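The values are calculated or read from the model by the stated rules, or taken from the named source; none is laboratory data. Only a predicted model underlies this, so the values are computations on that prediction, with no experimental measurement involved. Cβ atoms come from the backbone with ideal geometry, glycine included; neighbour counts cover every protein chain shown. When the accessible area is computed, the model is the full protein with side chains, heavy atoms only, and any ligands, DNA or RNA have been set aside. Shrake-Rupley method; radii C 1.70, N 1.55, O 1.52, S 1.80 Å.
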Amino acid sequence: MKALLPAAGRGLRAWPKASLVPKVLLEIDGKPILQRNIEILRDCLGIRDITIIVGYLHEQIRGLFGDGGGLGVSIHYVACATPDIGLARGMLLTREQFREPFVTLLGDELYLASNHRRLLDDLPPDFDAVCGLLRTVDLHQIKRNYSVRVDEGRITHLVEKPETIENDLLGCGTYVFSPRIFDAIESTPPSVRSGRVELTDAIARLERIYPFLLEGSYFNINTIDDFNYANFVVRQAGFQHRRVSVVIPAYNEEQSIGYAVRDFQGLVHEIFVVDNSSTDRTAELARAAGARVETVRLIGYGDTIRYGLDHASGDILVVVEADLSFRARDLGKMLEYLKDADMVVGTRTTRELVEQGTNMRGPVRWGNVIVAKFVELLWWSLQPRFTDVGCTYRALWKETYQAIRPLLRGVGPELSPEMMVAALEVRKRIIEVPVSYHRRIGGESKHSANYYRIARTAARMLRAILSHRLGL
């Protein structure tokens with residue numbers, strides 16, 4: 001049997017996240033939605049012959065999957081020049097490809113731990129269509145999809161986006177069609193509600209429609225909220241199996257490095273100290289405390305962080321300071337929020353969490369707030385919410401870092417805001433959370449010890465931010 005994956009839509013309700021990539025290529029836990037559906041067809045149904053309807057940003061879909069050989073399938077593409085004609089009319093473009101029954105999975109729907117492998121078992125010999133249904137307590141979800149009425153083992157009534165809910169059966173985008181679906185689409189008038197021919201209305205014109213009861217979790221990725229929720233559920237399910245690496249950039253921090261390493265000991269899988277050719281015992285003491293240590297010769301602070309992120313082994317990357325100004329007690333909070341985000345950054349602007357005597361005094365605190373609001377203004381359409389651009393304490397997924405890595409140029413303290421704006425540029429979700437901030441142990445800050453250094457750091461940060469916004 002062959003399969004059809006409609007993937008031509010613009011995904012306007014998922015903008016701005018879907019403005020740079022087709023909605024079907026949005027990644028759920030690091031894997032595009034469309035790829036997950038290709039894997040269902042391949043692994044659960046044994047289908048290797050797949051046709052994808054492409055339209056909006058079609059070159060990205062073609063470029064990612066090619067002929068399907070990398071996934072062990074054969075992919076053919078049908079171009080839909082006008083994606084706004086809708087799902088049903090788009091399917092008509094594939095009529096010549098499907099002279100026998102075929103499976104259809106909507107490209108922007110996500111299934112977890114489903115029973116698709118039983119979809120083709122015991123198909124009725126005379127069927128016109130089989131519709132995947134899922135029992136749900138979320139009646140709102142049914143209103144966003146379609147409802148059905150089942151009598152004596154057949155679907156006798158279908159309604160697209162119903163106003164009244166009769167039962168707990170949610171209509172999903174899993175189908176098995178006979179070629180008669182194409183005649184039904186051609187004879188179906190446009191919907192009064194949408195002005196387009198609705199696939200559900202076309203199915204309703206068929207005679208022999210059967211239900212298939214789906215199991216597992218299902219997500220219809222229509223909006224950014226849908227996408228974020230699906231990402232959260234998938235990440236939460238496998239979070240305990242993720243490796244966490246803490247990256248600590250260090251230069252002449254012998255008074256504090258041992259304490260900083262031991263603070264995170266036993267809480268993460270790897271503590272990676274990047275020693276930028278210290279002239280004191282930093283590397284020796286970090287190693288003695290149990291850290292993995294590499295001594296390198298790099299340009300500056302940001303360069304050292306980038307090296308650490310490049311070479312850390314974890315699935316989750318955490319950056320902290322070597323001076324013990326940040327503590328492991330906030331790690332659990334950051335990791336919990338990371339289930340719902342691509343990057344979590346700390347903010348030191350909550351007075352109750354800032355220890356007296358830190359350098360987060362008036363000019364530094366308000367300077368960070370002002371620059372953070374400036375970033376919000378520059379990327380206003382993406383709706384970021386920041387109060388601190390200089391807080392190094394942050395956690396991010398490795399795939400997030402890999403996505404922003406080509407955009408990172410800063411070698412000094414400017415890398416901190418640069419990571420944030422780079423994440424915005426590739427449409428990653430950033431959440432800011434309050435963290436405790438303590439007086440550093442030993443020495444003085446290389447970037448905010450006096451007003452001259454504060455001004456120089458601020459200038460470098462602003463230059464990096466404007467460089468990204470102006471495309472320099």
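The table that follows gives values for the structure above.
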| read-out | value |
| --- | --- |
| Elements of type helices (runs of 4 or more DSSP H) contained in the range 1-108, each with 1 or more residues being within 25 Å of Gly216 (Cβ to Cβ) and at pLDDT below 95 | 87-91 |
| Condition met for Val433 (at pLDDT 90 or above and either at positive phi or assigned to a helix (DSSP H, G or I) (or both)) | no |
| Considering residues of the range 340-393 that are assigned to a loop (DSSP other than H, G, I, E, B) and among the small types (Gly, Ala, Ser) only, the residue farthest from the chain's Cα centre (by Cα) | Gly357 |
| Checking Val261 against (1) open to solvent by 70 Å² or more (accessible area, probe 1.4 Å); (2) more than 21 Å from the chain's Cα centre (by Cα), the condition it does not meet | (1) |
| Odd one out for Arg385, checked against (1) under 18 Å from Val435 (Cβ atoms); (2) touching a strand residue (DSSP E or B) at 6+ places or on another chain (Cβ under 7 Å); (3) crowded, with 17+ Cβ neighbours inside 10 Å | (3) |
| Among the candidates Ala322, Ala328, Ala289, residue that is at pLDDT 90 or above, within 20 Å of Gly266 (Cα to Cα) and touching a Pro at 6+ places or on another chain (Cβ under 9 Å) | Ala322 |
| Checklist (1) under 27 Å from Arg385 (Cβ atoms); (2) modelled with pLDDT under 95; (3) part of a loop (DSSP other than H, G, I, E, B) applied to Gly302, failing item | (3) |
| Residue within the range 381-403 that is closer than 24 Å to Arg243 by Cα, at pLDDT below 95, in contact with a Ser or Thr (Cβ under 9 Å, 6 or more places away or on another chain) and of a type outside the set (Ser, Thr, Tyr) present | yes |
| Where Met334 falls short, out of the listed (1) outside any strand (DSSP E or B); (2) hydrophobic (A, V, I, L, M, F, W, C); (3) more than 20 Å from the chain's Cα centre (by Cα) | (3) |
| Listing of strands (runs of 3 or more DSSP E) fully contained in the range 168-233 that carry 3 or more residues being under 29 Å from the mean Cα position of the chain (by Cα) | 169-177, 217-220 |
| Residue match in the range 313-324 (condition: open to solvent by 20 Å² or more (accessible area, probe 1.4 Å), of a type in the set (Ser, Thr, Tyr), without any contact (Cβ under 8 Å) to a residue 60 or more places away in the chain and farther than 22 Å from Arg348 by Cβ) | no |
| Selected residue [surrounded by fewer than 22 Cβ atoms within 10 Å (Cβ to Cβ), out of contact with any Phe, Trp or Tyr (no Cβ under 7 Å at 6 or more places or on another chain), more than 26 Å from Val176 (Cα to Cα) and of a type in the set (Lys, Arg)] from Arg48, Arg13 | Arg13 |
| Matching residues in the range 178-202 - criterion: being buried (at least 17 other Cβ atoms within 10 Å of the Cβ) and farther than 29 Å from Ala18 by Cα | Ser178, Ile181, Phe182, Ala184, Thr188 |
| Filter result for the condition that a residue is touching a strand residue (DSSP E or B) at 6+ places or on another chain (Cβ under 7 Å) and closer than 21 Å to Ser467 by Cα, over Lys373, Lys428, Lys398 | Lys428 |
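Conditions (1) open to solvent by less than 30 Å² (accessible area, probe 1.4 Å); (2) more than 30 Å from Lys23 (Cα to Cα); (3) touching a residue at least 60 places away in the same chain (Cβ under 8 Å), marked per residue:
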{"position": "Asn228", "(1), (2), (3)": "yes, no, yes"}
{"position": "Ala237", "(1), (2), (3)": "no, no, yes"}
{"position": "Tyr251", "(1), (2), (3)": "no, yes, yes"}
{"position": "Gln265", "(1), (2), (3)": "no, yes, no"}
{"position": "His269", "(1), (2), (3)": "no, yes, no"}
{"position": "Val273", "(1), (2), (3)": "yes, yes, no"}
{"position": "Asn276", "(1), (2), (3)": "yes, yes, no"}
{"position": "Thr295", "(1), (2), (3)": "no, yes, no"}
{"position": "Leu298", "(1), (2), (3)": "no, yes, yes"}
